[in-house]
1. Could you give me the residue pairs with C-beta distances under 6 Å whose first residue belongs to segment 63-75 and is in contact (Cβ under 8 Å) with a residue 12 or more places away in the chain and within 14 Å of Thr40 (Cα to Cα), whose second residue is aliphatic (A, V, I, L, M) and part of a helix (DSSP H, G or I) wherever it lies, and which are 6+ apart or on separate chains?
2. Looking only at segment 35-57, decide whether some residue is outside any loop (DSSP other than H, G, I, E, B) and modelled with pLDDT under 80.
3. Looking only at segment 18-31, decide whether some residue is over 24 Å from Met1 (Cα atoms) and in contact with a Phe, Trp or Tyr (Cβ under 6 Å, 6 or more places away or on another chain).
4. Just need a number here: residues in segment 76-97 that are among the acidic types (Asp, Glu), closer than 14 Å to Ala23 by Cα and either in contact with a Ser or Thr (Cβ under 6 Å, 6 or more places away or on another chain) or in a loop (DSSP other than H, G, I, E, B) (or both).
5. Looking at segment 98-122 only, could you name the residues that are at pLDDT below 75 and either in a helix (DSSP H, G or I) or surrounded by 10 or more Cβ atoms within 10 Å (Cβ to Cβ) (or both)?
6. Name the residues in segment 71-97 that are modelled with pLDDT of 80 or more, surrounded by 11 or more Cβ atoms within 10 Å (Cβ to Cβ) and of a type in the set (D, E, K, R), would you?
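The values are calculated or read from the model by the stated rules, or taken from the named source; none is laboratory data. Quick caveat: nothing in here was measured; it's all calculated off a predicted structure. Counting neighbours? That spans all protein chains shown, and the Cβs are built from the backbone with ideal geometry, glycine included.
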Amino acid sequence: MPFYEHVFIARQDLSQAQVDALAETVTNIVTEFKGEVHKTETWGLKQLAYKIQKNRKGHYVMLSAEVSGEAIAEIERQAAISEDIIRWMTIKVDELEKGPSVMMRKQERRGGRGGRDRDGEE
């Protein structure tokens, strides 16, 4: 089966539990179509470049899965129906990335929030 990376942005006013439930819904669709989710990453609440449906921020979630194209069509159909998901994108990849994604490595390198240490240097 082909590999896909699916990223969605959920509304800013959702709780983390609600965002996790949305990710679980995608996982359930993948397993219904006899696929496998290899990795789920929650990137957190981030500032958007521009307002989307009156939201200035959004919860970003990324899933890496090995699944058929029919399942991806169902995932995108559900995303279009959901009022909680404001944007999504699915990309077919040749192979899944091992370890944490670039976004997660960026957060680890910064040590969480902020980019400066006590001496004022980055």
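1. That search, which allows pairs on different chains as well, returns Leu63/Val26; Ala65/Val30.
2. Step one: filter segment 35-57 for residues outside any loop (DSSP other than H, G, I, E, B), giving 36-52, 55-57.
If we keep only those that are modelled with pLDDT under 80 too, we end up with none.
No, there is no match, as no residue in segment 35-57 is outside any loop (DSSP other than H, G, I, E, B) and modelled with pLDDT under 80.
3. Filtering segment 18-31 down to residues over 24 Å from Met1 (Cα atoms) leaves 18-21.
From what's left, in contact with a Phe, Trp or Tyr (Cβ under 6 Å, 6 or more places away or on another chain): none.
Among the residues of segment 18-31, not one is over 24 Å from Met1 (Cα atoms) and in contact with a Phe, Trp or Tyr (Cβ under 6 Å, 6 or more places away or on another chain), which makes the answer no.
4. So in segment 76-97, the residues among the acidic types (Asp, Glu) come out as 76, 83-84, 94-95, 97.
Next, only the ones that are closer than 14 Å to Ala23 by Cα stay: 76, 84.
Now restrict to residues that are either in contact with a Ser or Thr (Cβ under 6 Å, 6 or more places away or on another chain) or in a loop (DSSP other than H, G, I, E, B) (or both): 84.
Total satisfying the criteria: 1.
5. Residues of segment 98-122 that are at pLDDT below 75, as a first pass: 99-102, 104-122.
Answer for segment 98-122, where residues must be at pLDDT below 75 and either in a helix (DSSP H, G or I) or surrounded by 10 or more Cβ atoms within 10 Å (Cβ to Cβ) (or both): Pro100, Ser101, Val102, Met104, Arg105, Lys106, Gln107, Glu108, Arg109, Arg110.
6. The answer is Glu74, Glu76, Arg77, Asp84, Arg87.
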